[in-house]
Amino acid sequence: MPTLHWVGKDKVKHHHRDVPYRVLVDDHRYQAPAGSPDNSSANRIIQGDNLEALKSLLPEFEAKVQCIYIDPPYNTGNESWVYNDNVNDPRIKKWLGQVVGKEGEDMSRHDKWLCMMYPRLKLLHRLLAHDGVLLVSIDDNEVQHLRPLMDELFGSKNRIEQFIWKKSYGGGAKERYAVTVHEYVLMYAKNIDAISELSLPPDPSAESRYYKLTDEKLNTRGPFRIKPLEATKSMDRRDNLNYPIEAPDGSMILPKRQWWWAKERVEQAIKNNELYFGRGKSGDWSISYKQYLRDDQGIERQSKPFSIIDGIYTQTGSTVLREIFDSQIFQFPKPPSLISLFLSMLNLPKDAIILDSFAGSGTTAHAVLKLNAQDGGNRRFILIEMMDYANSLTAERARRVMAGYGTGDKAVAGLGGGFVYQQLGAPLFDGEQQLNPAVAVQAVRAYIAWQECIPRDALAAVDNARHPYWLGEANGQQVFFCYEPQRITCLDLELLAELIQSPAPTLFYADQLALGEDFMRTHKLRFKKIPRDISRL
Ligand SMILES: C[S@@+](CC[C@H](N)C(=O)[O-])C[C@H]1O[C@@H](n2cnc3c(N)ncnc32)[C@H](O)[C@@H]1O
């Protein structure tokens, strides 16, 4: 398969492994005021560069995120926006200089953009669940690079669709050539075979608008509409679809070209009273079939989304944001309805985790909260935003949507919910590859617990009743983490007796070991040396 090459690719290919693991530090919590409706509260908003933030999420969320929506900078070259759109943010420039080095001096803005995206997509892929789906908004500035890159990272067979989003209805009088009214949303599965079919959510007005007929006598399957059995010209000609059908008066009706259904299907439909014979003024018969709103299990008919999304426009995103903040403080936010449309068509579990690592004004949070409010779901969001407005805009929007906003007849009721606002803390390992004493001991313990597959909720606190070194149990093995930032720990007979009373499969982390190999094996004890045996993410 053809692959994409660009300046700096070989330098960023494995870069995600070198990104330091930083612990996430809680800054504050927000909970909608008492009396607000129930909505998800285990949400997060993280301020920081998403490369490091995504890495920090790995211990808790690797292979757990069902849906990722990202809207990265489109690299338009326009630097006058609130956020830097063309990878010229000083922090990204500094990062590129460090990672790509001298070669970076010859980079075009497209090379830079690809270098920025590559390691982030690698980490996003790791966070995605086996049956997870990633969606990326993009336009013509980078779509021709993004698609082969995604094909390479996800596998082209996992590409579900390159949706065209018709984002505006017109305008563009100043355009010299064609007026661009669309952009794209690339949708990839982690494993195409693991995801369910896409479907549009049921339309609540379908019965009153389309399915207006009912069978008075045979009211078994509820409302229906009628559709002509005569196939349109769009269908290829097939001989077995051209045959006579007997009308109620005994005459034979032939199609002009062919029917939609084969003879056996029509015979079945006649038996089930699913055909509808009409007669025009000239006396000619026409045949229609009944299309029911619900199947025979009572499940409402769902239609597949089209690859072109129409009817949702950029303007709506700006209007919604202006209603929340009373001013235009962010350019081109996505409409929440665009994101909720994609979330709905994926048929995600109602408690799915949804991640947006280029959060901007926080539209994804808004869409998730709204969807939960509509269907009683408990979907959770994780947002990452690098800029200073992560709190004043991204998180503030979530707060207002949760608590309600606007006054008078413009008041919008709160949707409820809460989140924790986090920042990137110190790196877990210092420059000498030793555990960083600046990192809180419980954060280090959480990292070790994750490595030893101890579930988060089974991780013991330092002040647990058993012993400060006790970490937890996993797969029939007890785990002790003998670590003190200011002191070397040594597993000897005295410490062993303090930690366990009778032999059982046990793993000890410590700085040193003073017990022999035979002794350890005989008593089913294992040892891992700090920091050597702590694996790096
Ligand atoms: C196109 S905007 C997203 C808009 C968003 N979908 C909305 O509806 O408001 C891209 C956002 O990604 C942020 N961003 C860019 N690079 C980032 C990085 N490395 N880490 C975290 N955020 C980043 C930008 O600051 C900007 O807010």
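The values are calculated or read from the model by the stated rules, or taken from the named source; none is laboratory data. As the structure is a computational prediction, the values presented were derived from the model and not from experiment. Glycine also receives a Cβ, built like all others from the backbone with ideal geometry; neighbour counts cover every protein chain displayed. Accessible surface is based on the protein model in full, side chains and every heavy atom, while ligands, DNA and RNA are left aside. Shrake-Rupley method; radii C 1.70, N 1.55, O 1.52, S 1.80 Å.
What the table below lists for this structure:
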{"item": "Residues of segment 331-358 that turn out to be of a type in the set (S, T, N, Q), in a loop (DSSP other than H, G, I, E, B) and either within 24 Å of Glu60 (Cβ to Cβ) or more than 12 Å from the ligand (Cβ to nearest atom) (or both), as a count", "result": "2"}
{"item": "Residues located in segment 280-307, provided they are closer than 16 Å to Gly222 by Cα and in a loop (DSSP other than H, G, I, E, B)", "result": "Leu293, Asp295, Asp296, Gln297, Gly298, Ile299, Arg301, Gln302"}
{"item": "Qualifying positions in segment 1-14 - open to solvent by 100 Å² or more (accessible area, probe 1.4 Å) and outside any loop (DSSP other than H, G, I, E, B)", "result": "Asp10"}
{"item": "Boolean, Asn88 is under 22 Å from Lys334 (Cα atoms), within 13 Å of the ligand (Cβ to nearest atom) and either part of a strand (DSSP E or B) or not charged (D, E, K, R) (or both)", "result": "no"}
{"item": "Selected residue (criterion: farthest from Tyr389 (Cα to Cα)) from residues of segment 423-442 that are surrounded by fewer than 17 Cβ atoms within 10 Å (Cβ to Cβ) and aliphatic (A, V, I, L, M)", "result": "Val441"}
{"item": "Residues located in segment 476-507, provided they are β-branched (Val, Ile, Thr) and either touching a Ser or Thr at 6+ places or on another chain (Cβ under 9 Å) or over 22 Å from Ala443 (Cα atoms) (or both)", "result": "Val479, Ile500"}
{"item": "Subset of segment 359-391 (residues that are near the ligand (Cβ under 10 Å from one of its atoms) and in a strand (DSSP E or B))", "result": "Leu383, Ile384, Glu385"}
{"item": "Inter-residue pairs, beta-carbon under 8 Å, first open to solvent by 100 Å² or more (accessible area, probe 1.4 Å) and in segment 203-214, second in a loop (DSSP other than H, G, I, E, B), 6+ apart", "result": "Arg209/Asp203; Lys212/Pro223"}
{"item": "Considering residues of segment 337-357 that are among the polar types (S, T, N, Q) and open to solvent by 10 Å² or more (accessible area, probe 1.4 Å) only, the residue nearest to Ile384 (Cα to Cα)", "result": "Ser340"}
{"item": "Among the candidates Arg397, Arg445, residue that is open to solvent by less than 20 Å² (accessible area, probe 1.4 Å), farther than 27 Å from Ala458 by Cβ and either in a helix (DSSP H, G or I) or within 16 Å of the ligand (Cβ to nearest atom) (or both)", "result": "Arg397"}
{"item": "Residues of segment 472-497 classified as outside any strand (DSSP E or B), open to solvent by 60 Å² or more (accessible area, probe 1.4 Å) and either touching a residue at least 60 places away in the same chain (Cβ under 8 Å) or acidic (Asp, Glu) (or both), total", "result": "1"}
{"item": "Segment 124-138 - residue that is more than 12 Å from the ligand (Cβ to nearest atom) and outside any helix (DSSP H, G or I) and, of those, surrounded by the fewest Cβ atoms within 10 Å (Cβ to Cβ)", "result": "His130"}
{"item": "Residue selected from segment 47-70 under the condition open to solvent by 30 Å² or more (accessible area, probe 1.4 Å) and either touching a Pro at 6+ places or on another chain (Cβ under 9 Å) or assigned to a helix (DSSP H, G or I) (or both), by the criterion nearest to the ligand (Cβ to nearest atom)", "result": "Glu52"}
{"item": "Yes/no for Arg17 being away from the ligand (no atom under 16 Å from the Cβ), open to solvent by 50 Å² or more (accessible area, probe 1.4 Å) and over 23 Å from Arg400 (Cα atoms)", "result": "yes"}
{"item": "Residue within segment 409-422 that is open to solvent by 10 Å² or more (accessible area, probe 1.4 Å), within 25 Å of Leu54 (Cβ to Cβ), within 16 Å of the ligand (Cβ to nearest atom) and of a type in the set (Phe, Trp, Tyr) present", "result": "no"}
{"item": "Residue among Ala514, Ala458 that alone is out of contact with any Phe, Trp or Tyr (no Cβ under 7 Å at 6 or more places or on another chain), among the small types (Gly, Ala, Ser), open to solvent by 60 Å² or more (accessible area, probe 1.4 Å) and without any contact (Cβ under 8 Å) to a residue 40 or more places away in the chain", "result": "Ala514"}
{"item": "Enumeration of residues in segment 308-327 that are closer than 16 Å to Gly170 by Cβ, in a loop (DSSP other than H, G, I, E, B) and open to solvent by 50 Å² or more (accessible area, probe 1.4 Å)", "result": "Asp310, Gly311"}
{"item": "Looking only at segment 150-161, and only at residues there that are in contact with a Ser or Thr (Cβ under 9 Å, 6 or more places away or on another chain) and within 16 Å of Leu121 (Cβ to Cβ), the one that is least open to solvent (accessible area, probe 1.4 Å)", "result": "Met150"}
{"item": "Selection count, segment 227-279, where residues are among the β-branched types (Val, Ile, Thr) and in a helix (DSSP H, G or I)", "result": "2"}
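Here is a yes/no grid of residues against (1) more than 16 Å from the ligand (Cβ to nearest atom); (2) over 16 Å from Gly8 (Cβ atoms); (3) not in a loop (DSSP other than H, G, I, E, B):
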| position | (1), (2), (3) |
| --- | --- |
| Asn75 | no, no, no |
| Glu105 | yes, no, yes |
| Lys112 | no, no, yes |
| Lys122 | no, no, yes |
| Asp140 | no, yes, no |
| His145 | yes, no, yes |
| Gln162 | yes, yes, yes |
